[in-house]
Every structure is written in C-alpha cells, then in structure tokens.
Amino acid sequence: MSYELNQFGQPVGLPLQDWVAPVFPPAKTLVGWGCKVEPLARHSDDLWQAFSADDGRMWTYLTSGPFADVQAFNVWLDRVSGGVDPQFYAIVDEASGKALGLAAYLRIEPAAAAIEVGWLHFSPALQGTRLATAAMVLMMKNAFELGYRRYEWKCNALNLPSRKAAQRLGFSFEGVFRQATVNRNRNRDTAWFSVLDKEWPALEEAYVQWLSAENFDEAGRQRLALSELTRPLLAMKDVASPLL
C-alpha cells in the first residue's frame, strides 16, 4: 500500500496528479477477436435458444431465471435492456451473428472511478470459449480507456467456476464479505476481485498474446493457457475458499 505522511505524521493516500473523473460509459458496440459486445436491444430469440441448451445449472448463482417460457424471458429482457445501471450487453459471435450470452457493467461510480462487470449469463455454447474471454477483455479495455481506476468482479463465494474465472482473467482476490446478501432465500457470502488501472497494461499484453490466432491449433485448442500468463501478475491469489 503506497502512502505519504501529512503534516501531522499521519499516513495518507498518494495524490492523483491531474486526475479527472471518467464519464459514465456510453452504450456502444465493442468489437475484437471475432466477438461483438453490443448494447442489449435485440437478440432475444438467439439468447433464448442458447440458454435453453442449459440444464438449469447456469442459473444457480444468478438472481434472475430460470424462465418458464420465452414470454417470461422476453419480459425480463425488455426490462433490463432499458436500464443504465446495470448496463446490459449481448455477447455476439461475429461469424454467425448469433448472441450467446449476456454481460453488464454495474455499480458504475465515475466519482470513485470504479466499475464492476457482472450479470454474466454464459450459455453452454459460450462457456469456456475464446469468444467468452474476448468479451471480457473488450469490456475491461473499454472501462480503462474511459479512465476508470478500478474494475471489479464479484460473485457468490460458493461459485467456484466464477472464482476460478476471475483469477484466470487476472483479477486479484480481495476477500469475502460474509452474509453480504440474501439470494433465493439463501445466505450469500460474496467474494471480491479487482483489476487496477496500473495493472492493465501488463494484463492487456497477456490477453493479446493468448487471443492471437497463433495460440490456437487447427482444432481451436489453446497452446498456452491464459492462467500461465496472468498468474504472475496477480496481486493476491484466491486461497480463502475451502472448496479450492
């Protein structure tokens, strides 16, 4: 933790030279590596079809769904697509034009220069793919280019795949907020992760290296795991969960 001493000998945070608060993120389409992350305004049929391939487990740790039918899903989709925080996006496969998942910016605080990524709805066709990683990189890149200093990832502390995904992407573990909320009438402890602006340049290099076409063979299998590139960059590793 960096600090300096004030006139009373007390430790205080370092001054931010010429700092200006970032703007609220404009809703715009982000494109790269065969992925489009676009403001959620359509794709309801694609998303319903993609999510219907799931057996129900993708909804366990989410506060939405599962939905009884496409009509109920569309009611929810229409409601969230009109909001600004969370600000929802569809994750679209550029080659097929089909939406395979959802993500959102939330807890958007320009005055604190902090923003969170969440509401991750990844269909079976998106989970564990290069496309999913590209979507997360595009959203993080956009946030830091807008001037945000802190990019957050939070999840149910029992959601082991999400915790592993955060660390794979280079988010540093910050701890667990006990009894943070109640979800589906069950206790939820929340695990916190973050990336800081000063960590972004090294992470961006790792992402570009991993996402490059040269890192994948003809069958689409990765040659080098992203975690091998991001693990050395973690400020703190996630070792708090008894499930890990």
Task: Residue satisfying condition, being in contact (Cβ under 8 Å) with a residue 24 or more places away in the chain and open to solvent by 10 Å² or more (accessible area, probe 1.4 Å), within set S96, S81 - done: S81
- [ ] Those residues that are among the β-branched types (V, I, T) and either more than 17 Å from T60 (Cα to Cα) or at pLDDT below 95 (or both), I need them from the range 167-207; list them, please.
- [x] V176, V195
- [ ] Would you check if V137 is β-branched (V, I, T), under 11 Å from the mean Cα position of the chain (by Cα) and either within 22 Å of R168 (Cα to Cα) or open to solvent by less than 40 Å² (accessible area, probe 1.4 Å) (or both)?
- [x] yes
Task: Condition check for W76: within 15 Å of L120 (Cβ to Cβ), without any contact (Cβ under 8 Å) to a residue 40 or more places away in the chain and among the aromatic types (F, W, Y) - done: no
Open item on the list: Within the range 1-28, take every residue that is free of Cβ contacts under 8 Å to residues at least 24 places away in the same chain and open to solvent by less than 70 Å² (accessible area, probe 1.4 Å) and give me the one that is nearest to Q87 (Cα to Cα).
Closed with: P26
Task: Verdict on L158 being in contact (Cβ under 8 Å) with a residue 40 or more places away in the chain, more than 28 Å from L16 (Cα to Cα) and not in a helix (DSSP H, G or I) - done: yes
Task: Where E38 falls short, out of the listed (1) open to solvent by 70 Å² or more (accessible area, probe 1.4 Å); (2) of a type in the set (D, E); (3) under 16 Å from Q87 (Cβ atoms) - done: (1)
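The values are calculated or read from the model by the stated rules, or taken from the named source; none is laboratory data. What you see is a predicted model, and the numbers here were worked out from it, not measured in a lab. Glycine gets a Cβ as well: all are built from the backbone with ideal geometry, and neighbour counts include every protein chain shown. The area values use the complete protein model at the heavy-atom level, side chains included, leaving out ligands, DNA and RNA. Shrake-Rupley method; radii C 1.70, N 1.55, O 1.52, S 1.80 Å.
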